[in-house]
Amino acid sequence: MKGESLLNHPPRAEVSAWDQFRKLVRGKISENQPIAPYTSYGLGGPVRALVEPKDTADVQAVMRWLAEHRVPYLLLGGGTNVLFADEGFRGVVIRLGKEFQGMAVEGETLRAKAATPLVLAMRRARQERLSGLEFCAGIPGTVGGAIAGNAGTRTEWMGERVCEVTVVDDQGEVRTLEKNDLHCAYRHTVLKEKAWPVVEAVLQLQPADREVIDANMRRYFQYRRGRQPKIEKNAGSVFKNPPGDFAGRLVEQLGLKGKRVGRCRISEIHGNFIIHEGGGSAREVLALMREIQLKVFEATGIRLEPEILPMGDWNPEEIAAVWDFSKGGDE
Ligand code: EPU
């Protein structure tokens, strides 16, 4: 791999910068770490350094070091909505671990640290008889990741619940953003562009009877059951739904369900899910995405836009063919 020579024989200046990094960070640093175990697809090559900061001050120190040394970085939450390159990444991946889990109820709000699993936030709200997170039933991932990507269902999404979000900006400053600052749209917020790690969020909920909350949760769980693959490795919906239609419906209509490339295939249960059977590659998922886009475009003129995010050292052209397809151009 190209990056390896850099890793094994770094120039002198780089050695001291990385030495400084190792001394500076109080959390865990894993160097040349395969990223696959940290993604729901179970795909992705080694990253130069995976860092799990200890606290917010540690995140600030990491962000300052990255800015000073102009080292590229990526933020990984639960890794449930990403397609990480087989080549890995020659920069730093920041992932908030156990230190960033935990919640406190304050009146009708829930303050949650960013790495808190969404499902635990939902359960805690239920315990406190607070409604508003039931739609998270069955959504994997963390509170921070769900906010950044504005996760949700077709009718409810995280952005609506946000009171404020605490982030660390790219200069290492702590900032508090309010709901309007996030510029929430369908599966989108400003945090997807800014790459500022979310460290904590306050969610606005409302009091409700336990029975009502339970009934809502059941409704969401039941909706997903049988409609979405559960056990097999996947990253949820691969494409956003196009206006007035559904990506899954289009894939099914074109008879693409079950279509396979290597060890990856389009789910038979839901056409907008791609399954990794194990032993496959991110490039195989990419090939299936490209095929879906081309077939759907050919048949309907619709250009599907990916929902999942590409991460790591992809060949830029390869990635642009799929992620810029909806902008028109190359077919
Ligand atoms: N459909 C088919 N064939 C399929 C899949 C779906 O004909 O293989 C049809 C369904 O019958 C239905 C329509 O397409 O009429 C929509 O399907 P579904 O209800 O499964 O929802 P979706 O629009 O495909 C969205 C979100 C999901 C979320 C569900 C339920 C997007 C891209 N996806 O899926 O979110 O769980 O609604 O609320 O908006 C995710 O974002 O990762 C995700 C899983």
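The values are calculated or read from the model by the stated rules, or taken from the named source; none is laboratory data. Please read these numbers as outputs of a predicted model, since none were measured by experiment. Counting neighbours? That spans all protein chains shown, and the Cβs are built from the backbone with ideal geometry, glycine included. Remember, those area values only see protein heavy atoms, side chains included, never the ligands or the DNA or RNA. Shrake-Rupley method; radii C 1.70, N 1.55, O 1.52, S 1.80 Å.
Odds and ends about this structure:
- Residue within segment 204-222 that is closer than 30 Å to residue 68 by Cα and acidic (Asp, Glu) present: no
- Any hit, segment 55-64, residues being in contact (Cβ under 8 Å) with a residue 24 or more places away in the chain and in a loop (DSSP other than H, G, I, E, B): yes
- Sole residue being modelled with pLDDT of 95 or more, more than 14 Å from the ligand (Cβ to nearest atom), in contact with a strand residue (DSSP E or B) (Cβ under 9 Å, 6 or more places away or on another chain) and open to solvent by 60 Å² or more (accessible area, probe 1.4 Å), chosen from 197, 207: 207
- Being within 8 Å of the ligand (Cβ to nearest atom), more than 22 Å from residue 324 (Cα to Cα), among the acidic types (Asp, Glu) and open to solvent by 70 Å² or more (accessible area, probe 1.4 Å) is a description that applies to residue 252.
- Where a residue in segment 155-170 is open to solvent by 60 Å² or more (accessible area, probe 1.4 Å) and its partner, wherever it lies, is in a helix (DSSP H, G or I) and not aromatic (Phe, Trp, Tyr), with Cβ under 7 Å and at least six apart: 170/63; 170/67
- The set of residues in segment 101-129 that are assigned to a strand (DSSP E or B) and touching a residue at least 60 places away in the same chain (Cβ under 8 Å) comprises 106, 109, 110, 111, 112, 113.
- Counting only helices (runs of 4 or more DSSP H) wholly contained in segment 236-331, the ones carrying 1 or more residues that are in contact (Cβ under 8 Å) with a residue 40 or more places away in the chain occupy 247-253, 282-300.
- Any hit, segment 213-230, residues being in contact with a strand residue (DSSP E or B) (Cβ under 9 Å, 6 or more places away or on another chain) and of a type in the set (Ser, Thr, Tyr): no
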